[in-house]
């Protein structure tokens, strides 16, 4: 047996800090940290000096003061007597509203366009290519302003909806696009609406129970049970029966135009044109990117997978659901989530059409009124940062769950 | 043929039949239509739907655009001509606004006598990037690339030529210091000297030297203020400077994020996540109102420069993430092979890792560039005159009040051409650099 000779132990020499790759990293990091701290100290010192020179302080107390301005769309009760903090909250809710609407619509549009782009139909494929390229290569701001211009310039005035032979008509007799905003019907909760809600909840629970039972039975016996039709029946039938028995407790309040006096709509809910413009533009713009993601995802599943599934005797529907989609989704979902993130950040372009999002309330009127640029922008940035960290957190969890388990 | 076989065959044809043309339904346009548009019930429905959508979209727009009036001095004149030509109230575009105001849309408020300068600067830029984009050109052209930034700044902003020359001199001094000190005292000391010497020079010598030179030899162009920049000139200036500056920064950030040094990688992570987590509008707001708080009191530099810096910092975080993806996609064996060859960190990165990683990330990088170029429209929100804001300005004049679509369509078309060209170039580059299927 030989004993491995220990390398001659030398004491630590200072020159190793520069020459030895084991220690050099340490030196570089210390220098980098020192430079960074120096930079931060420089910036903070300037900040303190400048604030002192301007007679300002760093204080979030202004958030409790009376805001004193009106907001044209508030999801929670708000008057101009409320505080700046509440105005900011109204803005935050408006941002989240348009972001949520946009994400859902963009997904629908994007999936449709992505699938249609792969269609064998030449005309449809070309049409979708034109859609995708047009939206991907033109700035979003332009689309927002353009959609807003279409909504406010080429939609009829409320007066056009008047009379028997009106020039304009409501979409499906329900939705009226006017240059004063879009009027949509709104449900009115009558007596017994609560029962209806309970019935709906119960049938959702029953539908989930049926699906679980069906899967268990298939795993035990190998015989599939009809799921789709039964689920639909459980969801719809009891609801309809109770709806009729209770004598229609929920009615739709359909917007109608006043026939005399100033032409305006009564009933329903008025959705601001700025919200609709932002929503449509964001959904179509992001939809174009999602279409490309969906297309790439479907193309990424090799044809052999389809052929193998057919060889196993799976029908096309099941092939899609059990073989192709699970693999395609692995490719599609991560970039899809980051598109949601982009959409959420892009809602800050609301300022171009005067939609009262958080950038317009906290980072706009509040900031200009109080002169608290530093605090307002800090809070604004923090809000966006938190939203995006939450979304990327979801993304990371998903990525970990679907990561290929390699041996 | 064997005898046995020839006896069993009763009849054998000894001439070929002439080929028969395929059936009518299986050839030419009919076949194409049948296969691509009407192959099944679903397909037929889709085709009809598509035609309907096309009809809806184009039935008003095409005649409107086709009837467009190109020669008029104002929108009311446009309407008069339209009424004469097509009758009262027919919809017709008024393209005359683009003829009348294209100069503003392209150059903003740039002085009319100096309009040759921005295009010349663009030409210089294109010449300067040529030797980088195409490796077969003579290497001597790289000197032009090195000189181009100073030349472009001088062309765009004007003023005495000695300002940019003196700044360039600083870089020359830095290079000299590196050569001399690195030979004498090793690369680390050389790097310190290469940073220290130019910084000292810029602080203490640059301004007096510029002033003295300008007094002795007053060569220069008419100075142009940043507030006169506008239209597509502004977009292109911000976009191209952002693109060229953010790529190297993005590469460094990506390397830092993947670095094994704890502090450096964590700093890079925080930087990238914070920048990416907050929308560009908020960063532009920071550049507009907040930056002055963080600089020594009295410093007040140009809003355009601030925007360029902000856009660069913003875009570099995105590019860093794209390049990080490329670095991660590279097989580990490449890194190990570089180590096995005994290459140092920078050598390994420069010779082995980055060329491959950058190639993988080309589509992503170009996508970020396209995004950056489109995002230049956001500067309209902090009151710079980009094409969008320029069109509102034109709309606000008495001659062209009430004109909408023509300006938007023009701006959108120009953006489309630029971005579409970029994306096609990236696809072409991707194919050209593809080595795996040879």
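Please say if the stretch A:135-248 is rounded, prolate or oblate, where rounded means a/c under 1.5 for a ≥ b ≥ c the square roots of the C-alpha gyration tensor eigenvalues, and otherwise the choice is prolate for a/b larger than b/c and oblate otherwise? Mind showing how you got there, number by number?
On the way: a/c = 3.62, a/b = 1.75, b/c = 2.08.
Here the stretch A:135-248 falls in the oblate category.
A Förster distance of 22 Å, applied to the separation of the beta-carbon atoms of residue A:205 and residue A:229, puts the FRET efficiency at 0.75. For the segment A:275-281, counting C-beta atoms of other chains within 10 Å of every residue's C-beta and taking the mean gives 0. Using the average count of surrounding beta-carbon atoms within 10 Å as a protection proxy, the listed peptides B:12-20, A:227-235, A:275-283 rank, highest first, as A:275-283, A:227-235, B:12-20. Normalised by the number of residues in the stretch B:159-221, the mean separation of alpha-carbon contacts (under 8 Å, six or more apart) gives a relative contact order of 48 percent. Apply the Debye scattering formula to chain B, with a single equal point scatterer on each alpha-carbon and no solvent, then give log10 I(q)/I(0) at q = 0.09, 0.10, 0.12, 0.14 Å⁻¹. Once normalised to I(0) and log-transformed, intensities are -0.82, -0.96, -1.25, -1.50. Take A:120-126, A:317-323 and order them by the average number of nearby Cβ atoms within 10 Å per residue, most first; the result is A:120-126, A:317-323.
Take every residue in peptide B:31-40, count the Cβ atoms of other chains within 10 Å of its Cβ, and give the average of those counts. Let's see the in-between values first.
Details: counts 0, 1, 1, 0, 3, 7, 5, 1, 2, 2.
Taking all residues of B:31-40 together, the mean is 2.
Taking the Kirkwood radius as the inverse of the mean 1/r across Cα pairs, report the Rg/Rh of the stretch B:258-344. My calculation puts Rg/Rh at 1.14. Here the simple spin-label model places points 7 Å from the Cα toward Cβ, and for residue A:51 and residue B:339 these points are separated by 4.7 nm.
Assuming a viscosity of 1.306 mPa s and a temperature of 10 °C, what translational diffusion coefficient in µm² per second does Stokes-Einstein assign to the protein assembly as shown, Rh being the Kirkwood radius over Cα pairs? Walk me through the numbers before you get to the answer.
On the way: Rh = 32.6 Å.
Reported coefficient: 49 µm²/s.
Could you work out the mean count of beta carbons from other protein chains within 10 Å of each residue's beta carbon in A:121-129?
6
Cut-off 18 Å, label point 7 angstrom out along Cα-to-Cβ of residue B:205: give me the residues of the stretch B:150-165 whose amide nitrogen falls inside. Output list for this probe position: B:162-165. Scoring B:85-93, B:374-382 by mean Cβ neighbours within 10 Å over their residues and listing the highest first yields B:374-382, B:85-93.
Cβ crowding within 10 Å ranks B:206, A:266, A:20 as A:266, A:20, B:206, fewest other Cβ atoms first. As a calculated quantity, the FRET efficiency between residue B:328 and residue A:259 at R0 = 45 Å, using C-beta atoms, amounts to about 0.10.
Modelled label positions at residue B:20 and residue A:303, each set 7 Å beyond Cα in the direction of Cβ, lie 3.0 nm from each other.
From the Cα gyration tensor of the stretch A:294-407, with a ≥ b ≥ c the square roots of its eigenvalues, which class applies: rounded if a/c is under 1.5, or else prolate if a/b is larger than b/c, or else oblate? Please report the intermediate quantities before stating the final value.
Details: a/c = 5.58, a/b = 2.92, b/c = 1.92.
Taking the square roots of the gyration eigenvalues as a ≥ b ≥ c, the stretch A:294-407 is prolate.
Taken over the stretch B:159-221, the percentage of Cα pairs per 5 Å bin, counting from 0 up to the bin with the maximum distance, is 4, 21, 22, 17, 13, 10, 7, 4, 1. In this rough spin-label picture, where each label sits 7 Å from Cα along the Cβ direction, the residue B:424-residue B:70 distance is 2.3 nm. Shape annotation for the stretch B:40-97: C-alpha extents along the principal axes are 54, 20, 11 Å, from largest to smallest. The overall shape of the stretch A:1-149, judged from the alpha-carbon gyration tensor, is oblate: a/c is not under 1.5, and a/b is no greater than b/c. Once the C-beta distance of residue B:433 and residue A:246 is scaled by a Förster radius of 56 Å, the resulting FRET efficiency is 0.25 to the nearest 0.05.
Rule-based calculations on the coordinates, nothing more; no lab input. None of these values were measured; they are calculated from a predicted model. A quick note on method: Cβ atoms are made from the backbone with ideal geometry, for glycine too, and the neighbour counts reach across all protein chains shown.
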